[in-house]
Amino acid sequence: MKARILYGEKKEFILGEKFNGDKRVTSIEVKDGGLHIHYESLDTGARGRLEFYNTPFVVEECSEGETALDDLEKAFL
């Protein structure tokens with residue numbers, strides 16, 4: 001699964017891949033009209049979450065069926 005932020009810094013998050021050098025994406029979730037990127041620090045093992053609201057984004061290759069895509073459509077209606 002891949003999520004792309006389409007405004008501002010135009011970031012891309014890929015499930016299982018590193019970002020910001022020391023963090024790995026553990027899950028991508030569309031929830032409450034926003035995009036949640038869950039991650040784990042490769043240095044310390046600490047977990048965290050980035051939240052993007054009121055920002056255009058795209059989620060591709062959803063392996064969880066259509067649930068996340070349905071939520072994404074609702075977020076922009």
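Computed values, structure above
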| item | result |
| --- | --- |
| Residues located in the stretch 1-17, provided they are modelled with pLDDT of 85 or more and under 11 Å from the mean Cα position of the chain (by Cα) | K2, A3, R4, I5, K11, E12, F13, I14, L15 |
| Failed criterion for D70 (all others in (1) at pLDDT below 90; (2) in a strand (DSSP E or B); (3) charged (D, E, K, R) hold) | (2) |
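The values are calculated or read from the model by the stated rules, or taken from the named source; none is laboratory data. As the structure is a prediction and not an experimental result, all values here were calculated from the model.
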